[in-house]
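To start, the structure itself, in structure tokens.
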Amino acid sequence: MIAETQARLTRLIKASGKEEGVSQMDFVKRKELKNAYKEKAAVGGIYRIQCNGNGRAWVKSTTNLAGQKNKFAFSVSTNSCPEPAMRTEWMKYGLQSFSFDVLEVLNKKETQTDREFSEDIQALHKIWLERQRQEGVLHGTDH
């Protein structure tokens, strides 16, 4: 019974292409990709999602600017609202009324810790919020 089960499992593994050599290659490739991702320089910054239908804007900060761009693009491609706070405008004006703008980019320095980088981004975010308020931009959090 055990030998029969092992033989069946071996056939299933071979049929799926997950033989030992392939699995080891997949593991090595995954590890290489993971290391390359970790070594990639972090790029954060300040961005704004704006509803052109009513002028309301959401100024946000992130330590992963590319990730936020991708999130917004995915939301547009699937017509799903990227932020709960903007759902009313998203439903009223439609996805075509929204834009994603990078306001400022900040690169993580080699000597900077993740925490220091995050703190710098937060400080920059406060500066941008104040700047937008002085310019009279209606924020998504303002009602």
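Please treat every number below as a calculation from the coordinates, not as lab data. Only a predicted model underlies this, so the values are computations on that prediction, with no experimental measurement involved. Cβ atoms come from the backbone with ideal geometry, glycine included; neighbour counts cover every protein chain shown.
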Worksheet item: So how far apart, in nm, are the two label points at residue 52 and residue 80 if each is 7 Å from Cα heading toward Cβ?
Response: 2.5
Discussion item. If each residue of separation counts as 0.36 nm, what is the full-extension length gain between residue 126 and residue 66 once their alpha-carbon separation is subtracted?
Written reply: 19.5 nm
Item to complete: With label points built 7 Å along Cα→Cβ from the Cα atoms of residue 112 and residue 26, find their separation and express it in nm.
Response: 3.8
